[in-house]
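Trainee: One structure, as structure tokens, below. Some questions next.
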Protein chains: 2
Amino acid sequence: MAMKTLSAKNAAALDKDLMSIGAFSIDQLMELAGLSVSQAGSHFIHPLACFHPKLHLLRPPYFISVFRIHPPSRGRRILVACGPGNNGGDGLVAARHLWHYGYKPTIYYPKQSKNDLYQRLTMQLKNLSVPFTEDFPKAIKEADHIIDAIFGFSFSGEVREPFPAVITSLQETHLPVTSVDAPSSWNIEDGPPPSGPGASFMPGALVSLTAPKPLVKFFKGRHFVGGRFVSPDIAQKYDLDLPEYEGIDQVVEVGSDEQKL
Amino acid sequence: MAMKTLSAKNAAALDKDLMSIGAFSIDQLMELAGLSVSQAGSHFIHPLACFHPKLHLLRPPYFISVFRIHPPSRGRRILVACGPGNNGGDGLVAARHLWHYGYKPTIYYPKQSKNDLYQRLTMQLKNLSVPFTEDFPKAIKEADHIIDAIFGFSFSGEVREPFPAVITSLQETHLPVTSVDAPSSWNIEDGPPPSGPGASFMPGALVSLTAPKPLVKFFKGRHFVGGRFVSPDIAQKYDLDLPEYEGIDQVVEVGSDEQKL
């Protein structure tokens with residue numbers, strides 16, 4: 001049985017439904033989406049796991065589902081690359097939560113929106129003295145981990161400036177990269193572009209928000225699903241198999257095992 | 001050294017600061033406040049604890065800070081009593097998250113606000129088929145746990161109808177009660193009222209949002225602090241000692257040990 005996915009068109013329709021019949025504001029949804037990303041991005045592993053090397057095999061109900069493979073003690077510096085739209089907004093929210101978890105985020109956000117919400121999310125980071133940089137090559141040298149929040153499910157067509165070089169860097173870096181909703185530059189239905197920036201981009205982790213998109217069939221890496229706010233009615237309307245979150249987690253690792261979704 | 005607290009006046013000023021210089025929207029703040037309450041309300045205990053009776057003594061960094069003393073398997077029915085203002089809004093958000101955690105919330109919300117945000121929070125619960133009741137005595141008989149989100153830091157003066165009987169019920173029940181920010185009917189500075197409803201009300205747990213209020217010195221029970229969004233600047237302005245949250249938790253138990261804050 002193939003993993004059920006949500007097309008780009010249906011992802012946009014579902015978002016509209018959440019904000020109309022679902023009665024959510026975009027502030028709420030982005031807060032919860034960014035929180036999901038931060039929980040995956042921090043890769044929380046329960047400290048008891050160090051006592052038992054196979055403890056991570058004891059999944060539900062014996063283990064929480066988000067692992068801290070990069071605890072702050074092993075590298076706090078997280079570079080968050082934000083695009084101009086909602087994907088970038090999710091990245092801004094995630095960066096704020098990561099700061100509160102003890103990480104040291106730096107934000108690359110070259111195309112800042114004039115939209116009120118994004119301006120406020122930016123100010124919330126500035127109030128925490130989180131640095132913003134315009135020099136991606138320098139920033140990547142000073143990072144331990146990267147969050148790719150450049151393009152999400154509404155991306156199509158060509159990667160515009162200044163992002164081609166950024167995507168090439170993400171493709172070439174040896175640092176761990178966590179992508180939000182989609183590896184940036186990938187087509188939502190068809191996966192990696194046939195050539196150019198991103199053609200061989202394969203992030204180590206992907207956080208699908210609300211539900212996986214068709215591109216996941218081209219993704220090889222750790223796969224999380226976040227966005228614990230979908231009602232059964234909406235799940236049914238879009239024929240989604242929502243994952244089973246653990247306890248109070250806002251994100252769940254679904255891996256490549258199709259049965260898990 | 002006494003626990004640092006935030007007066008009712010300063011709590012109101014801090015809230016204003018969060019939404020002006022802090023650049024937060026009320027939607028964001030209420031979402032995070034309600035999430036904190038839900039994490040305390042679900043009393044998350046790591047399932048491994050069942051293997052070792054003293055595991056809960058292995059606190060930081062060996063244990064997560066919110067205990068599930070009432071896991072869903074031991075009673076999923078949570079009655080959430082919501083007042084007419086922001087405290088009630090926090091309760092509505094908490095109820096939604098608790099539903100997603102697998103609990104069965106029922107909402108008592110007799111004075112529903114016409115404010116757009118509260119109407120949307122209500123609709124979000126109705127979309128999950130969460131029942132609303134107007135019969136508190138009946139609802140309390142069918143509950144395993146109660147969240148008291150009736151009055152918060154802006155409460156003063158007398159308890160108005162229909163809440164006196166509700167507060168008397170909360171005072172008399174043997175069910176566990178978790179209060180949001182303040183045991184309802186308590187004066188924010190002076191604690192329990194000298195007589196009338198609430199004079200001997202002592203909930204089992206209290207979740208102080210942003211920072212404890214002066215009433216905590218009259219409180220005997222499990223004390224949590226939530227609201228992981230305060231910047232160092234604001235903490236300094238209001239002379240707060242923010243608690244040290246664990247990992248990705250949105251809430252932390254501070255107990256009665258003054259050194260912990």
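Bear in mind that the values in this text are calculations on the coordinates, not laboratory data. Just so it is clear, the structure is predicted and the values come from calculations on it, not from any experiment. Using ideal geometry, Cβ is built from the backbone for each residue, glycine included, and neighbour counts are taken over all protein chains shown.
Trainee: Hey, what do the phi angles of region A:242-250 turn into as Karplus ³J(HN,Hα) couplings, whole Hz, using 6.51/-1.76/1.60 and θ = phi - 60°, x for Gly and Pro?
Mentor: Those phi angles translate into 5, x, 8, 6, 9, x, 9, 5, 9 Hz.
Trainee: How many nm separate the modelled label positions at B:Asp190 and B:Asp144, each set 7 Å beyond the Cα in the direction of the Cβ?
Mentor: Here the modelled spin labels are 4.0 nm apart.
Trainee: Also, quick follow-up: Would you please name the trypsin sites (Lys or Arg not before Pro) within region A:97-206 that are DSSP coil residues with at most 14 other C-beta atoms within 10 Å of their C-beta? Could you put the intermediate results ahead of the total?
Mentor: Numbers: sites: A:Lys111, A:Lys114, A:Arg120, A:Lys126, A:Lys138, A:Lys141, A:Arg160; in loops: A:Lys111, A:Lys114, A:Arg160.
In loop regions of region A:97-206 (DSSP not H, G, I, E or B), the sparsely surrounded trypsin sites (Lys or Arg not before Pro) are A:Lys111, A:Lys114, A:Arg160.
Trainee: Given the Cα-Cα distance of A:Lys9 and A:Glu172 and 0.36 nm per residue of separation, how much length would full extension add, in nm? Before the final figure, lay out each step's value.
Mentor: Working: separation 163, 0.36 × 163 = 58.68 nm, distance 3.07 nm.
Gain on extension, A:Lys9 to A:Glu172, equals 55.6 nm.
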